[in-house]
Amino acid sequence: MEKISRRDFFRRSTKGVAGVAAGVAAIRTQWTGFAADDEIGIGVVGVHGRGLHHTKVWTGMKGVRVVALCDPDERVLVAPARGVKEGSGVRPNLYVDIREMLKDKEVDAVSVATTNHWHSLATIWSCQAGKDVYVEKPASHNLFEGRKMVEAAKKYNRIVQVGSQGRSAPSVRKAIELMYEGAIGGVFHSRALCFKKRDSIGFAQPATPPKEVHFDLWLGPAPEQPFNTNFVHYNWHWFWDFGDGDIGNQGVHQMDIARWGLGKDYGYPVKVNSMGGRYGYKDQGETPNTQMACFTYADGKTLTFDVRGRHTNDEGGVRIGNLFYGAEGWLAIDGTEGPYDLYLEDDKKQPRQEGKGFDHFENFIEAVRKRDPSILTAPVEEGVISAGLCHLANIAYRLGRTLTFDPKTETFPGDPEANKLTTREYRKPFVVPENV
């Protein structure tokens with residue numbers, strides 16, 4: 001196994017290597033679990049932004065050790081590597097290519113906090129390499145990728161948790177339980193709100209990437225194109241090649257809760273439409289900063305999503321959260337983890353319900369330790385569907401028309417233009433495989 005030493009880390013460049021599936025065996029498919037005192041080795045992929053949080057959480061968790069960090073931008077590896085060393089006493093192995101990290105036998109599980117367009121491939125390669133996976137939301141960058149993630153987790157008997165932490169939040173779980181028990185009557189409509197002010201990203205010209213940025217690795221499955229400072233590190237969210245707009249960024253949390261609250265078995269709808277635009281400024285961002293989407297289910301229930309990226313009022317005291325409407329009242333969940341407000345008897349507000357104490361990361365580790373995916377609060381199957389709704393909305397938005405969807409085949413019947421947007425042309429060797 002090749003590691004990057006402290007001496008030559010900032011001098012080396014990385015060349016492509018063969019696919020993980022061809023070179024790394026799935027080493028734990030017959031494994032029954034960790035002993036209670038066994039340490040679980042974590043490799044974090046993508047350590048800027050959300051990945052820094054991953055690194056801090058795993059470093060501070062009992063029974064877990066961060067053994068590897070990976071990012072195609074060498075510059076962002078310095079601080080988290082120092083933090084891991086200070087927190088655990090051991091310097092993690094450093095990599096710029098996930099394929100090299102997956103050969104590291106110290107890595108038991110991979111924590112993925114990359115750009116959206118890397119989520120699926122990183123997850124599939126990790127499953128093929130015999131690693132469990134905690135992958136940030138949205139689970140996938142398109143519908144096809146989501147199906148392949150589910151197939152890989154099942155085929156290689158891997159524990160795969162999606163970072164939809166609302167599924168682990170006590171107040172959110174209690175709110176959903178109350179609605180399932182009929183607290184507001186039969187729920188017929190749910191709303192998801194993402195009112196997060198986003199400013200212009202301006203215009204940046206193609207440029208030569210810094211010597212520490214391995215841009216070919218950063219692009220991965222995306223089309224080859226020049227480096228742009230608006231891609232690295234955050235504004236990639238607003239470009240279709242890498243991100244999914246705010247509906248698939250902050251919004252996928254609320255999308256997940258919205259369909260969860262409709263009922264236990266609500267997955268994909270039969271119709272979707274979406275409209276909006278990029279208002280208030282002109283820049284090179286491609287995704288809408290203002291977007292409205294409506295999903296209709298086979299039984300007539302509806303789910304609507306409202307993205308407002310400019311100045312706006314709240315609704316029901318909520319700016320980022322969810323509203324549910326039933327025959328006997330309504331319920332508002334404030335934020336991704338609650339609290340919630342219940343309104344009954346002509347909109348009389350009940351006492352606010354708070355709840356804390358259940359950790360999403362610890363939920364993943366418990367499932368890994370016991371080799372039991374049923375423990376997961378946000379298994380890959382659920383995360384993929386919630387991300388899929390965001391993808392459906394974006395497809396309808398990009399085509400500018402109402403679409404009919406078949407939940408069983410996950411296709412748009414008789415609509416090749418829409419079906420084309422359910423996947424992408426992959427850049428070799430970074431191909432999400434048809435056969436995982």
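Rule-based calculations on the coordinates, nothing more; no lab input. Bear in mind the structure is a predicted one, so any value in this text is a computation, not a measurement. Ideal geometry is used to build each Cβ from the backbone, glycine not excepted, and the neighbour counts take in all protein chains shown.
Going Cα to Cα from LYS137, which lysines come in below 19 Å? Please leave out same-chain ones fewer than 8 positions away. Candidates past the 8-residue exclusion: LYS56, LYS148, LYS196.
Of the trypsin sites (Lys or Arg not before Pro) found in the stretch 159-233, those that fall in a DSSP loop while having at most 15 other beta-carbon atoms within 10 Å are LYS197, LYS211. Name the shape class, rounded, prolate or oblate, that the alpha-carbon gyration tensor gives for the stretch 134-280, where a ≥ b ≥ c are the square roots of its eigenvalues, rounded holds for a/c under 1.5, and otherwise prolate holds if a/b is larger than b/c and oblate otherwise. Verdict is prolate for the stretch 134-280. Evaluated with a Cβ-only charge set (Lys, Arg +1; Asp, Glu -1), the stretch 195-234 carries a dipole of roughly 280 debye about its Cα centre, given to the nearest 20. Highest mean first, the peptides 251-260, 326-335, 279-288 sorted by other C-beta atoms within 10 Å per residue fall in the order 251-260, 326-335, 279-288. Derived scalar couplings between HN and Hα for the stretch 158-169 equal 9, 8, 10, 10, 9, x, 8, 5, x, 5, 9, 6 Hz in order, rounded to whole Hz, by the Karplus curve 6.51 cos²θ - 1.76 cosθ + 1.60 (θ = phi - 60°), x for Gly and Pro.
Taking the Cα centre of the chain as origin, work out the dipole magnitude from +1 charges on Lys and Arg Cβ and -1 charges on Asp and Glu Cβ, in debye rounded to 20. The dipole magnitude comes to about 980 debye. With a cut-off of 12 Å between beta carbons, the residues surrounding ASP241 carry a summed charge of -2, where Lys and Arg count +1 and Asp and Glu -1.
Compared with the alpha-carbon gap, the fully stretched path from ASP314 to ARG50 is longer by 92.4 nm at 0.36 nm per residue.
Could you state the number of Å between the C-alpha centres of the stretch 138-170 and the stretch 384-436? Here the answer is 17 Å between Cα centres. Per-residue ellipticity at 222 nm, computed for the chain from helices alone with -39500 (n - 2.57) per DSSP H run of at least four residues, works out to -8000 deg cm²/dmol. Please report how far the C-alpha centroid of the stretch 35-70 lies from that of the stretch 186-264, rounded to the nearest whole angstrom. Cα centroid to Cα centroid, the span is 24 Å. Here the spin labels are modelled as points 7 Å beyond Cα on the Cα-Cβ line, and at ARG82 and ARG371 they lie 4.1 nm apart.
Pull out a ≥ b ≥ c, the square roots of the eigenvalues of the alpha-carbon gyration tensor of the stretch 20-165, then state rounded if a/c is under 1.5, prolate if not and a/b is larger than b/c, and oblate in the remaining case. Since a/c reaches 1.5 but b/c is at least a/b, the shape of the stretch 20-165 is classed as oblate. Each residue of the stretch 49-58 was assigned a 3J(HN,Hα) from its phi angle through the Karplus curve 6.51 cos²θ - 1.76 cosθ + 1.60 (θ = phi - 60°); the sequence is x, 4, x, 4, 5, 3, 4, 5, 5, 5 Hz, with glycine and proline shown as x.
Judged by the ratio a/c of the largest to the smallest principal axis of the C-alpha gyration tensor, the stretch 48-120 counts as rounded, that ratio being less than 1.5. Per-residue 3J(HN,Hα) values for the stretch 400-413, derived from phi via the Karplus relation 6.51 cos²θ - 1.76 cosθ + 1.60 with θ = phi - 60°, read x, 7, 6, 10, 9, 10, 9, x, 6, 9, 6, 9, 9, x Hz in sequence order (x marks Gly and Pro). Between the amide H of VAL66 and those of ILE42, distances stay under 5 Å, these residues lying 5 or more places away or on another chain, with hydrogens modeled in the peptide plane.
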